[in-house]
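The values are calculated or read from the model by the stated rules, or taken from the named source; none is laboratory data. None of the values given here were measured: they were computed from a predicted structure. A quick note on method: Cβ atoms are made from the backbone with ideal geometry, for glycine too, and the neighbour counts reach across all protein chains shown.
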There are 2 protein chains.
Amino acid sequence: MADFAARVAAAVRATGPICCGIDPSSDLLAAWELPDDAQGLRTFGARCIEAFSGTVGVVKPQVAFYERHGSAGFAALEELLSAARQAGLLVVADAKRGDIANTAEGYARAWLDPQSPLASDAVTAVAYLGLGALAPLVDRAVATGRGVIVVARSSNPEGRPLQEALMADGTSVEDRMLEAIAELNATTAPGTVGAVVGATLAPSSFPLTRLGGVILTPGVGAQGATADAVGTLFAGCPTGSVLPNVSRSVLSAGPSVEGLRTAATRARDELAEVLV
Amino acid sequence: MADFAARVAAAVRATGPICCGIDPSSDLLAAWELPDDAQGLRTFGARCIEAFSGTVGVVKPQVAFYERHGSAGFAALEELLSAARQAGLLVVADAKRGDIANTAEGYARAWLDPQSPLASDAVTAVAYLGLGALAPLVDRAVATGRGVIVVARSSNPEGRPLQEALMADGTSVEDRMLEAIAELNATTAPGTVGAVVGATLAPSSFPLTRLGGVILTPGVGAQGATADAVGTLFAGCPTGSVLPNVSRSVLSAGPSVEGLRTAATRARDELAEVLV
């Protein structure tokens, strides 16, 4: 199987540079007049898949909103993942998992093993325990043509002091994270390790053109970054490697499938002008 | 309801200063001659609850090992949590969740809402996005007498460079994390926010005696820290605030309930000599 970055690039060529969030929060379920339970999650997800299939290449369900409903919520998520696969959509499970050793291996098996009911094309991860601790996830992703997308630079203000802290060699935590991701993509894990980089941030010292993996960038649309800002921040990155995530501004166009599809198409086309 | 730290202190007084991990990894399931599926998880958990009830005060299921089996794994975890509650055991769900805004609120509802099928007494969290981003978890924990235990200092070598990086004021990431946790416990969230501090580390600059919350400390037993080392690292911390986690050295005494109970009792009594 092609590596994850190649699969994303193919999806972007086929449709456009966008990832649509599937975020069945309490607020959105209420706005769509759906119950905040497993059945509401199911209906919400089915509408998203119907609207996004053929419109965008990648979707990103937010696992936290499913986890609120325990095993019943996870069953709804499994149904969504299965429907997305059948619709030919790539899925980034936004789970932000992170641990060490055989625990990291547990998360790898959950999200990146083709036999798992939660199998996704990529999973987001957090590396407070060090990027190296995520090796079981990276190794399994390499073996299965999947991806691990590690939070590197987040735009929320609470995260800035930590991510801008300086390591012993004077490199910031966030830039060292990006360097280490690039090293993996350049050596043992080609195209496998992506980074989450907030769209509303000013550039840091690390040249994102060298990452060698997918850049997932939230913050576009409702969260404040314009398509133009995205074009500037990621100028020079390989075609199909930058995946802006749009959630609220599309999902607030629901609950009608037609409304969702129109909003996703508009966001996709705006981004295509600056990114492809 | 008493705050989380007070509830842990009461449990430690009643039994002893130990938290027993419930880690149904592939390896341990095989060693116990159980299938690596939801039924295996169920049997593993039931034996742990039977062995630990009345022997220790706190258990820590590792969520990753349940997540491997998707919704069926989560259903087994829900059964475990219910059995632990009925047995009077405090439960720390080792999930290492972390996100921002309404996503963090989703995790708060999953693990800290008494109505959730996954309701636990505390959940572990990771704060690469900043401790402040975990406010929805902390707020819900305060409201429900539960806890949030944030990874601050991990002993795995991959995590040291990041956690020792220096913030703008010269404080290390890990010490700033501990300071911020102490601030929360001293102000808006008394007894609510704990820290994960590896037992095999040398002390850092932050005086752990000032944390004001529970210190969960893995690394005791099979991972290398002796009871004496724990006594030294946490000298002066309030009675009942330090919770060494013991997993492998107890669980490898399974699958017999009697073997587990004997191993847990021995570990508990060793730790009681240095900690209470």
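Quick one: how many residues across region A:137-155 are at pLDDT 95 or above and facing chain B (nearest Cβ under 10 Å)? Spell out the reasoning first.
Here is the first cut: in region A:137-155, the ones at pLDDT 95 or above are A:137-154.
Those still in the list that are facing chain B (nearest Cβ under 10 Å) too: A:150-152, A:154.
Total satisfying the criteria: 4.
Which condition does A:PRO161 not pass, out of (1) in a helix (DSSP H, G or I); (2) within 7 Å of chain B (Cβ to nearest Cβ); (3) under 16 Å from B:GLY159 (Cβ atoms), if it passes all the others?
(3)
How many residues does region B:250-265 contain that are more than 15 Å from B:ILE22 (Cα to Cα) and loosely packed, with under 15 Cβ neighbours inside 10 Å?
1
In region B:164-194, how many are aliphatic (A, V, I, L, M) and more than 14 Å from chain A (Cβ to nearest Cβ)? Walk me through how you get there before you give the answer.
At the first step, the residues of region B:164-194 found to be aliphatic (A, V, I, L, M) are B:165-168, B:173, B:177-178, B:180-182, B:184, B:186, B:189, B:193.
Applying the additional criterion that residues be more than 14 Å from chain A (Cβ to nearest Cβ) yields B:182, B:186, B:189, B:193.
The total comes to 4.
Counting only residues that are free of Cβ contacts under 8 Å to residues at least 40 places away in the same chain, of a type in the set (Val, Ile, Thr) and part of a strand (DSSP E or B), how many does region B:87-134 have?
Number satisfying all stated conditions: 2.
If a residue has to be away from chain B (no Cβ under 14 Å) and part of a loop (DSSP other than H, G, I, E, B) to count, how many in region A:54-77 make the cut? Please lay out each step first, then the result.
Filtering region A:54-77 down to residues away from chain B (no Cβ under 14 Å) leaves A:54-59.
Still in the running and part of a loop (DSSP other than H, G, I, E, B): A:54-55, A:57.
Selection size over region A:54-77: 3.
Take A:LEU34 and decide whether it is touching a residue at least 24 places away in the same chain (Cβ under 8 Å), farther than 27 Å from B:GLY159 by Cα and part of a helix (DSSP H, G or I). Steps first, please.
Working: touching a residue at least 24 places away in the same chain (Cβ under 8 Å): yes; farther than 27 Å from B:GLY159 by Cα: yes; part of a helix (DSSP H, G or I): no.
The answer is no for A:LEU34.
Return the only residue of B:TYR128, B:TYR107 being crowded, with 23+ Cβ neighbours inside 10 Å, at the interface with chain A (Cβ under 7 Å from one of its Cβ atoms) and in contact with a Gly (Cβ under 7 Å, 6 or more places away or on another chain).
Numbers: B:TYR107 fails: in contact with a Gly (Cβ under 7 Å, 6 or more places away or on another chain).
Within the list B:TYR128, B:TYR107, the selection yields B:TYR128.
Hey, among A:VAL138, A:VAL148, which residue is buried (at least 24 other Cβ atoms within 10 Å of the Cβ), touching a residue at least 24 places away in the same chain (Cβ under 8 Å) and assigned to a strand (DSSP E or B)? Can you show your working first?
On the way: A:VAL138 fails: assigned to a strand (DSSP E or B).
That would be A:VAL148, the only listed residue that is buried (at least 24 other Cβ atoms within 10 Å of the Cβ), touching a residue at least 24 places away in the same chain (Cβ under 8 Å) and assigned to a strand (DSSP E or B).
So which residues in region B:17-53 are surrounded by fewer than 18 Cβ atoms within 10 Å (Cβ to Cβ), within 14 Å of chain A (Cβ to nearest Cβ) and among the hydrophobic types (A, V, I, L, M, F, W, C)?
Within region B:17-53, B:ALA30, B:ALA31 meet the criteria.
Among the residues of region A:49-99, what is the count of those that are in contact with a Cys (Cβ under 9 Å, 6 or more places away or on another chain) and basic (Lys, Arg)?
Total satisfying the criteria: 1.
Quick check: is even one residue across region A:160-169 free of Cβ contacts under 8 Å to residues at least 40 places away in the same chain and within 18 Å of the chain's Cα centre (by Cα)?
no
Does A:ALA263 meet the test of being modelled with pLDDT under 95, under 25 Å from A:ALA93 (Cβ atoms) and touching a Gly at 6+ places or on another chain (Cβ under 9 Å)? Talk me through it step by step, then tell me what you get.
Numbers: modelled with pLDDT under 95: no; under 25 Å from A:ALA93 (Cβ atoms): yes; touching a Gly at 6+ places or on another chain (Cβ under 9 Å): yes.
No.
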